[in-house]
Amino acid sequence: MTDINVMNIPLALYIHIPWCVKKCPYCDFNSHELPVDSQLSMYDEYVDALLLDAQMQQSLTQGREIGSIFIGGGTPSLLPIAQYQRLFAGLRACFIFADDIEVTMEANPGTLEHAPFAQYLDVGINRLSIGVQSFAADKLETLGRIHDPKQALSAIKAARGAGFERVNVDLMHGLPQQSLTEALNDIQTAHNAGATHISWYQLTIEPNTVFYRSQPILPDEDSLADIEQAGQALLQQLGYDNYEVSAWSGASDKPCRHNVNYWQFGDYLAIGAGAHGKVTVDNNKSGDNKQSGDRASLLSESTLKPLETHEGLDSELVAESGIYRFSKSRLPKDYVDYQDITETSHDSQNFPKMIGWQQIASDELISEFMLNALRLHDGVSWTLFEDRTGLCHDSVAGQVDKLVKQGLLVDDRQQLKPTALGSRYLNQILRAFL
């Protein structure tokens, strides 16, 4: 493994808001229905925990700016606007935001009455991802959504009217008893309403969901293929670019920077119940903020403490340079019930809400990189593979040659990219790197 220049790896931040009004039957995300006795103090406690969590990860930036933020859930639009104001004030005091930072918030059309869209813009949220799923009333009822088609249309139009230039609309296809005409109508309706980006993905039945325990009847394979082919053709006709398996950016928009950072194996901090993060650590350069220039003076000296001396982060956790994954307690009540690390030993179990901190082994680095990068239709450069993993091309040359001969990867020494056939059989490619 070669040395990795951490300063060349983009850094993002994921924020998880765990509550929703109602758990959807297809959802396997870490989401929890709002307690019937929920009070505003619950939000206060959660944002307090988020801010402490962020402070504990300051040193993991290693002097880098935050280039993008994604607020997911659950239903992030349930969090009152006053809490977002407090959260972002704290985050800006904790991290250095890039001047052109992209900040995306997921929103449910059935909960958007909690704040005028203009107030989200004022906070710094500049991209919305609205979970519509379908514009057909019967399909929304089957999916357990709390909004109706009228609310979905109203949310998209209100967001654009308030000044949001980037609005993604999430749509599902392959829904129970869905016809080809209905699937295409969803795409056309989202476009007509003002969507600048569309995430169009097939409904899959995941374990630990209501649909898994009581499976609905889905369209057959031939119908699914017809829907996918016709839907892709319509999206292209409407001017959308399919830059990733299920992501389509419109002519006036661009790819989601935050998600592209995932797919290009960039780094991301993570705060919130059940959140997962990934960071590259170079202890020889920790605290070196030369490339951040004078902007670092916006933060106090304590913000940029080296990894081995930062309060609450056990030096043994990051004693070795490498690429690490970490995760947080899934249940909101466990997440906010942290110990005061100033009154405890620096044991890794006392690190607030940290339940997993593990260095990624070389073989896992290969499979994880491929799992993400090969979702991009244009692929990535082989230089990126080496820069992000610290591994050389020779470590996967054998697998690559076999896949090229099978017609699944493009024969290109500069670019790692699936062929058109490979894009259809992506799982077969990924199995070769396991």
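Let's test the formula: R0 of 25 Å, r as the Cβ-Cβ distance of LYS333 and ALA82. What FRET efficiency results, to the nearest 0.05?
The value I calculate is 0.65.
Compute the distance in nm between two label points, each set 7 Å from the Cα along the Cα-to-Cβ direction, one at PHE29 and one at GLN119.
Reported label-point gap for PHE29 and GLN119 is 2.2 nm.
At what distance in nm do the modelled label points of GLU228 and ALA251 sit from each other, each positioned 7 Å from its Cα along Cα→Cβ?
2.8
Assigning unit charges at the beta carbon (Lys, Arg +1; Asp, Glu -1) and nothing else, what dipole magnitude in debye, to the nearest 20, does segment 104-254 show about its Cα centre?
Dipole about the Cα centre, nearest 20: 520 debye.
Relative contact order of the chain: what whole-number percent is it, with Cα pairs under 8 angstrom and at least 6 residues apart?
Dividing the mean separation by the residue count of the chain yields 18 percent.
Restricting the count to DSSP beta bridges whose residues both fall in the chain, what percent are antiparallel, rounded to a multiple of 5?
Percentage antiparallel, nearest 5: 40.
Pick out, in residue order, every one of the GluC sites (Glu not before Pro) in segment 137-219 that is DSSP loop and has at most 15 other C-beta atoms within 10 Å; say none if there are none.
Those that pass, being in a loop and sparsely packed, are GLU165.
What 222 nm value per residue comes from the helices of the chain, counting each DSSP H run with n ≥ 4 as -39,500 (n - 2.57) and dividing by all residues, nearest 500 deg cm²/dmol?
-9500 deg cm²/dmol
Roughly speaking, to the nearest percent, how much of the chain's 1.4 Å accessible area is carbon and sulfur?
47
Could you run the Karplus curve 6.51 cos²θ - 1.76 cosθ + 1.60 with θ = phi - 60° over segment 62-70 and give me ³J(HN,Hα) per residue in whole Hz, x for Gly and Pro?
So the J values, rounded to whole Hz, are 6, x, 8, 7, 8, x, 7, 10, 10.
Looking at this model, which pairs from LYS22/LYS333; LYS254/LYS278; LYS157/LYS328 are more than 30 angstrom apart at the alpha-carbon?
Over 30 Å apart, Cα to Cα: LYS157/LYS328.
Select from SER129, LEU91, CYS27 the residue farthest towards the positive end of the dipole of the chain; place +1 on Cβ of Lys and Arg, -1 on Cβ of Asp and Glu, and compute about the Cα centre.
Value computed over the given set: SER129.
Rounded to whole Å and sorted largest first, what semi-axes of the equivalent ellipsoid does the C-alpha gyration tensor of the chain yield via the square root of 5 times each eigenvalue?
Taking √(5λ) for each Cα gyration eigenvalue gives 34, 30, 20 Å.
Give the distance, in whole Å, between the Cα centre of segment 1-40 and the Cα centre of segment 194-211.
Result: 16 Å between the Cα centres.
Pop a pseudo-label 7 angstrom from the Cα along the beta-carbon direction at both ALA137 and LYS402 and give the gap in nm to one decimal.
With each label point 7 Å from Cα toward Cβ, the separation is 5.5 nm.
Applying the Karplus parametrisation 6.51 cos²θ - 1.76 cosθ + 1.60 with θ = phi - 60° to the phi angles of segment 410-426, what ³J(HN,Hα) value in whole Hz is obtained for each residue in order, glycine and proline being reported as x?
5, 7, 8, 6, 9, 10, 9, 8, x, 6, 4, 5, x, 5, 7, 10, 4
The values are calculated or read from the model by the stated rules, or taken from the named source; none is laboratory data. Here the structure is a predicted model, which means the values were calculated and not measured. Counting neighbours? That spans all protein chains shown, and the Cβs are built from the backbone with ideal geometry, glycine included. Areas reflect the complete protein model, heavy atoms only, side chains present, ligands, DNA and RNA absent. Shrake-Rupley method; radii C 1.70, N 1.55, O 1.52, S 1.80 Å.
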